[in-house]
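To start, the structure itself, in structure tokens.
The values are calculated or read from the model by the stated rules, or taken from the named source; none is laboratory data. All of these numbers come straight from a predicted model, not from anything done at the bench. Cβ coordinates were reconstructed from backbone atoms using ideal geometry, including for glycine residues, and neighbour counts include every protein chain displayed.
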Amino acid sequence: MKSCNIIKGLILFVFANVFTIVPCSSRNVPVKKDFKIIKAQYQQMAEKNTDVNCVPRTINKEGKPICTDIEDWTSGFFAGSLWYIYDYTKSGKWRAEAEKRTVALEPLRNFTGHHDIGFMVYCSFGNGYRLTGNPQYKEIIADAANSLATRFDPRVGLIRSWDNIHLRDSEYLVIIDNMMNLELLFEAAKITGNNHLYDIAVSHADKTLKHHYRPDFSSYHLVDYDSITGEPRRKMTVQGLADSSAWSRGQAWGLYGFTICYRETKDKRYLDQAVNIADFILNHPNLPEDKVMYWDFDAPGIPNEERDVSATTIAASGLLELSKYVSPDDRKRFFSAAEEMLVSLSGPDYLAKKGENGNFILKKSVGSRRHNSEVGVPLNYADYYFLEALIRYDRY
Ligand code: GLY
């Protein structure tokens, strides 16, 4: 009798803990339904955009797709999205399409023109390697990481994001987005055993932690460093409202980027930073009820400002990963926030109907409100991180 009570007690204890650790027993995001639309949209997108050197990025005023060349920072997202559809469906048809679009990006292995080689190669070849183990992809990942490493100057301790041509009187430009490119370096360090790539990523993350953030854990968009001393010269924005404002996509890049850094290094400082960024976003009075962020947290016309769906998909995906590394309470909180974002994005305000939206999946992203460029339109990276988040959610 006594041992039976002990066993009952143990079962209750295990259950109680399972239910605090696993945040959600009922799931609210209609993943299967979303994938019906996703497959229909991307099937048509692939059929209409047959030139593999012209990557669908957004749409024009007439709703027609705008393509970009492979040296644009967004060139890896279409292939990456196709890999995620393959990941979900396991259908050879999607794998073949993903392979075709990925192979077209091969010249990027030697690209050194800007820091975004990380996005371009990791989203395409990185996913391809994860799903197929193709040894050629592995070599391309290693080459691309070495190309990215050429943009690291040990005097500054950071990867140079853009060349100075982007900004008058600048010396060494680093944007918060660059945190995302570290994943390529971490992956290449693992597959090649080249610790230099790991060290560069860590150095970049450390200096970003030190100089890119304000006391409230919001981030500047851009820091211009002294190219000799490595000290910050000025802190400003390019795509945000103002130098002092919190540009939403930048906050999402930082959240996701420091989560990657924690995953790869287990350095608690990166975890704390990611949690603090998540709290900045989730506790902000200007985060709308449906949790789809405005394009800048300080945009003056809120609530009549554009939402940025891309910032929201990046944050949702980042939160789902981050939630796995934190305390049970934070885990619940971050999972639920990501879930609310994905529920909103799966609704008619944001999810396209079949055949609309230039065959992109999500509507209403903002490229650069400040430049009146790509405002209220689909963007291929919003789709990519939505797919990633849906799969993370589905397999949680
Ligand atoms: N990485 C460029 C952007 O977020 O707009």
Residue 157 meets each of (1) at negative phi; (2) touching a residue at least 40 places away in the same chain (Cβ under 8 Å) with one exception, condition (1)
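Could you check how many residues of segment 78-93 are more than 20 Å from residue 119 (Cα to Cα) and either touching a residue at least 40 places away in the same chain (Cβ under 8 Å) or of a type in the set (Asp, Glu) (or both)?
Just the residues of segment 78-93 that are more than 20 Å from residue 119 (Cα to Cα), to begin with: 88-93.
Narrowing the set further to residues that are either touching a residue at least 40 places away in the same chain (Cβ under 8 Å) or of a type in the set (Asp, Glu) (or both) leaves 88-89.
Of the residues in segment 78-93, 2 are more than 20 Å from residue 119 (Cα to Cα) and either touching a residue at least 40 places away in the same chain (Cβ under 8 Å) or of a type in the set (Asp, Glu) (or both).
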Scanning segment 133-185 for residues that are within 16 Å of the ligand (Cβ to nearest atom) and assigned to a loop (DSSP other than H, G, I, E, B), the one modelled with the lowest pLDDT turns out to be 167
Considering segment 89-131, residues that are more than 28 Å from residue 35 (Cα to Cα) and among the polar types (S, T, N, Q), and then whichever is farthest from the ligand (Cβ to nearest atom), we arrive at 110
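Conditions tested, residue by residue: (1) within 17 Å of the chain's Cα centre (by Cα); (2) at pLDDT below 95; (3) more than 16 Å from the ligand (Cβ to nearest atom); (4) over 26 Å from residue 364 (Cβ atoms).
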{"site": "247", "(1), (2), (3), (4)": "yes, no, no, no"}
{"site": "253", "(1), (2), (3), (4)": "yes, no, no, no"}
{"site": "264", "(1), (2), (3), (4)": "yes, no, yes, yes"}
{"site": "295", "(1), (2), (3), (4)": "yes, no, no, no"}
{"site": "300", "(1), (2), (3), (4)": "no, no, yes, no"}
{"site": "313", "(1), (2), (3), (4)": "yes, no, no, no"}
{"site": "321", "(1), (2), (3), (4)": "yes, no, yes, no"}
{"site": "327", "(1), (2), (3), (4)": "no, no, yes, yes"}
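Kindly indicate which of 365, 344, 317 is more than 23 Å from residue 27 (Cα to Cα) and in contact with a helix residue (DSSP H, G or I) (Cβ under 9 Å, 6 or more places away or on another chain).
Values: 344 fails: more than 23 Å from residue 27 (Cα to Cα); 317 fails: more than 23 Å from residue 27 (Cα to Cα).
Of 365, 344, 317, the one residue that is more than 23 Å from residue 27 (Cα to Cα) and in contact with a helix residue (DSSP H, G or I) (Cβ under 9 Å, 6 or more places away or on another chain) is 365.
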Pairing a residue in segment 106-120 that is at pLDDT 95 or above and part of a helix (DSSP H, G or I) with any residue that is within 16 Å of the ligand (Cβ to nearest atom) and of a type in the set (Ser, Thr, Tyr), where Cβ atoms lie under 7 Å and the two sit 6 or more apart in sequence or on different chains, gives 120/75
For helices (runs of 4 or more DSSP H) lying entirely in segment 244-339, having 2 or more residues that are β-branched (Val, Ile, Thr) and in contact with a Phe, Trp or Tyr (Cβ under 6 Å, 6 or more places away or on another chain) picks out 309-322
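Conditions tested, residue by residue: (1) closer than 23 Å to residue 213 by Cβ; (2) surrounded by fewer than 24 Cβ atoms within 10 Å (Cβ to Cβ); (3) in contact with a Lys or Arg (Cβ under 8 Å, 6 or more places away or on another chain); (4) not small (Gly, Ala, Ser).
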{"residue": "144", "(1), (2), (3), (4)": "no, no, yes, no"}
{"residue": "157", "(1), (2), (3), (4)": "yes, yes, yes, no"}
{"residue": "160", "(1), (2), (3), (4)": "yes, yes, yes, yes"}
{"residue": "164", "(1), (2), (3), (4)": "no, yes, no, yes"}
{"residue": "167", "(1), (2), (3), (4)": "yes, yes, no, yes"}
{"residue": "172", "(1), (2), (3), (4)": "yes, yes, yes, yes"}
{"residue": "178", "(1), (2), (3), (4)": "yes, no, no, yes"}
{"residue": "190", "(1), (2), (3), (4)": "no, yes, no, yes"}
{"residue": "196", "(1), (2), (3), (4)": "no, yes, no, yes"}
